[in-house]
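The values are calculated or read from the model by the stated rules, or taken from the named source; none is laboratory data. The shown structure was predicted, so the numbers you read here are calculated from the model rather than taken from an experiment. Note: ideal-geometry Cβ built from the backbone for every residue, glycine included; neighbour counts use all protein chains shown.
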Amino acid sequence: MTSPAPILITGAGQRVGLHCAQRLLDAQQPVIFSYRSERPGVQALRERGAIGVFADFSSEAGILAFISELKTHTDSLRAIIHNASTWAPETPGDEANAFIDMFSVHMLAPYLINLHCAELLRRSTPADIVHISDDVTRKGSRQHIAYCATKAGLDSLTLSFAAQYAPRIKVNGIAPAMVMFNDGDDAAYRAKVLAKSALGIEPGPEVIYQSVRYLLDNPYVTGTTLTVNGGRHVK
């Protein structure tokens with residue numbers, strides 16, 4: 001029996017990406033993942049048989065180098081999950097660099113990977129692309145304009161690639177609000193964030209994997225972005 005085509009998940013060395021990669025491996029799904037720095041999660045995935053490929057998505061050259069390396073490991077893909085994300089402070093005098101950094105990771109990397117890996121996806125049936133964006137795009141952000149704009153651009157890529165790649169490849173998005181805190185977040189901050197949603201819980205990364213699973217398994221959904229925000233929009 002031939003093994004299924006692997007799923008590529010970007011930025012899987014920690015947190016939500018790591019959890020989703022682990023859950024895919026639990027389901028006997030081969031995984032290739034990108035990482036930017038060595039972390040315990042990267043080694044944990046390698047030990048389970050996943051293939052890790054270093055990626056620097058901050059430049060066109062880095063993105064294209066990643067794509068070339070990826071193609072040495074597989075000639076087909078079941079899905080691409082664009083989870084890699086970055087956040088750069090938009091400090092006075094350095095706004096352009098922050099915007100370019102986030103544009104490269106949130107938009108240019110998914111754009112080029114989707115274009116250059118389409119033939120790998122077409123060798124799998126079914127085939128999917130999933131863009132993980134952010135609930136902040138729903139209303140904008142006074143504090144994080146560049147971050148929000150580049151994530152909104154990713155939402156736009158979902159629509160455009162869904163139109164271009166139908167019917168062979170489904171293309172969808174997930175727009176999460178906060179799903180897991182950082183270790184250093186204090187009680188006051190946690191209470192403030194939880195109060196923003198109708199459900200008021202820290203759900204953990206499993207809700208993102210459940211959303212990914214839905215998109216992979218449902219044959220009749222494309223060009224859609226799932227809102228996973230605990231009801232922030234009705235609060």
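In the range 8-49, which residues are of a type in the set (A, V, I, L, M) and free of Cβ contacts under 8 Å to residues at least 12 places away in the same chain? The one that is of a type in the set (A, V, I, L, M) and free of Cβ contacts under 8 Å to residues at least 12 places away in the same chain: A27.
Note on the range 99-112: residues that are hydrophobic (A, V, I, L, M, F, W, C) and out of contact with any Phe, Trp or Tyr (no Cβ under 8 Å at 6 or more places or on another chain) amount to 5. Among the residues of the range 2-28, those that are in a loop (DSSP other than H, G, I, E, B), more than 16 Å from R46 (Cβ to Cβ) and of a type outside the set (V, I, T) comprise S3, P4, A5, A27, Q28.
Which is modelled with pLDDT of 95 or more, polar (S, T, N, Q) and surrounded by 17 or more Cβ atoms within 10 Å (Cβ to Cβ), of S68, S58, S76? Within the list S68, S58, S76, the selection yields S58. Could you go through the range 136-156 and let me know if any residue there is over 17 Å from D56 (Cβ atoms), in contact with a helix residue (DSSP H, G or I) (Cβ under 8 Å, 6 or more places away or on another chain) and of a type in the set (D, E). Yes, the conditions are met somewhere in the range 136-156. Residue selection: I208 fails the criterion of being under 23 Å from A109 (Cβ atoms) and part of a strand (DSSP E or B).
Taking every residue in the range 204-218 that is over 16 Å from H131 (Cβ atoms) and pairing it with any residue that is part of a loop (DSSP other than H, G, I, E, B), at least 6 positions away or on another chain, the pairs with Cβ-Cβ distances below 8 Å are G204/V179; G204/M180; P205/V179; P205/M180; V207/V179.
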